Amino acid sequence: MSGRHPMALGIACTLIGGALWGVSGTSVQYLTTTGGAAPALVTFMRVLLGGAIFFSVLCAAKKVPVKAMFANVSSLGALLLFAFSLYANQLCYAQTVQITNAGTATVLQMLGSVFVLAYVCIANKRLPRPWELIGLALALVATVLIATQGDLTSLNMPLDGLLWGIATGLSTALYIVVPQRMHLFERFGSAPVVAAGMLLSSIFALPIYAVQAGGFADAVATLGGFTLFQWGVFMVGLVLVGTIGGYGLYLHGVSIVGSVRGTLLGAIEPVSATIMSAAFLGTAFTGWDLSGTALMCLMLVFLSKEP
């Protein structure tokens, strides 16, 4: 087989995986607004069920790396840190979606690339390169356009939504840096690490939700009140398609095309989330929102430029 066909497969998997993340954002928006579910509850159920299904499949397919992860104390500690960062990202994202919308939350999540760059520069004791400075400027302008809607004298989105969105970007950088810093992907492979990390996220999700909700009565009432369609959105849209399908396909595609192309192709995520949120939930987006999204995508082009 020529090199072209695996590359085409990798590009297709990356694009489809990124688009499916958009399904995830729209599902969260629907469940936290129409469904009345708290973001912490949606996140807890997502990591518990999605992680359990994903991890079960990986245990059957890749027993050796899964056993190796849990056999070493140091790797288990790194895995728990990764699990926490993964949970923090999904919780912050769900909070941002509830306050704003799926498209805006997904665009703000892309600030993670800026925080990763900051980490790389600090770790390597260097200043940003010219094209990286251009990317930083684009990210800043995009955030300002979305937050102010072009009126620089006022904030035209809820402040807590903006702060949760920035926290989403920060937690995105955290779950990208942690497995690389701890060499988890190199030692065990990306899919087993992500599957185990997602399942272990429920260790943090359960107590945080219990404290936030003051117990589990809210979970029983909310989930018991879900209609059949809402359960379908949760299980199919969020867990199977948005979480397992999105992560699985995207990571497989990136393993073929590489992290640089993968980052650029991942720019389809905010586009997908924006289109789906507008089409299925009637979310209105302004020209400033779309301009900010375009600038964020352009930012990825500069931050992913090879040195």
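The values are calculated or read from the model by the stated rules, or taken from the named source; none is laboratory data. Worth saying up front: this structure is predicted, and the values here are computed from it rather than measured. When we count neighbours, we look across all protein chains shown, and the Cβ atoms used for this are built from the backbone with ideal geometry, even at glycine. When the accessible area is computed, the model is the full protein with side chains, heavy atoms only, and any ligands, DNA or RNA have been set aside. Shrake-Rupley method; radii C 1.70, N 1.55, O 1.52, S 1.80 Å.
Observations on the structure shown:
- Listing of helices (runs of 4 or more DSSP H) fully contained in the stretch 2-72 that carry 1 or more residues being within 17 Å of the chain's Cα centre (by Cα): 4-33, 39-61
- Close pairs from the stretch 26-52: first farther than 20 Å from ALA88 by Cβ and touching a residue at least 24 places away in the same chain (Cβ under 8 Å), partner open to solvent by 10 Å² or more (accessible area, probe 1.4 Å) and among the hydroxyl-bearing types (Ser, Thr, Tyr), Cβ under 9 Å, at least 6 apart: THR26/SER272; THR26/THR283; GLY35/THR222; GLY35/THR227; GLY36/THR222
- Applying the condition of being among the aromatic types (Phe, Trp, Tyr) and either open to solvent by 90 Å² or more (accessible area, probe 1.4 Å) or under 17 Å from SER74 (Cα atoms) (or both) to the stretch 168-188 and asking which residue is modelled with the highest pLDDT yields PHE188.
- The number of residues in the stretch 112-142 that are touching a helix residue (DSSP H, G or I) at 6+ places or on another chain (Cβ under 7 Å), open to solvent by 20 Å² or more (accessible area, probe 1.4 Å) and under 25 Å from TRP21 (Cβ atoms) comes to 8.
- Taken residue by residue, the stretch 152-164 has at least one member that is out of contact with any His (no Cβ under 6 Å at 6 or more places or on another chain), in a helix (DSSP H, G or I) and within 15 Å of GLY292 (Cβ to Cβ).
- Residue count, the stretch 91-104 (criterion: within 14 Å of the chain's Cα centre (by Cα) and at pLDDT below 90): 3
- Test: GLY246 is in a helix (DSSP H, G or I), modelled with pLDDT under 90 and open to solvent by less than 30 Å² (accessible area, probe 1.4 Å): yes
- Any hit, the stretch 285-299, residues being part of a helix (DSSP H, G or I), among the polar types (S, T, N, Q) and at pLDDT 85 or above: yes
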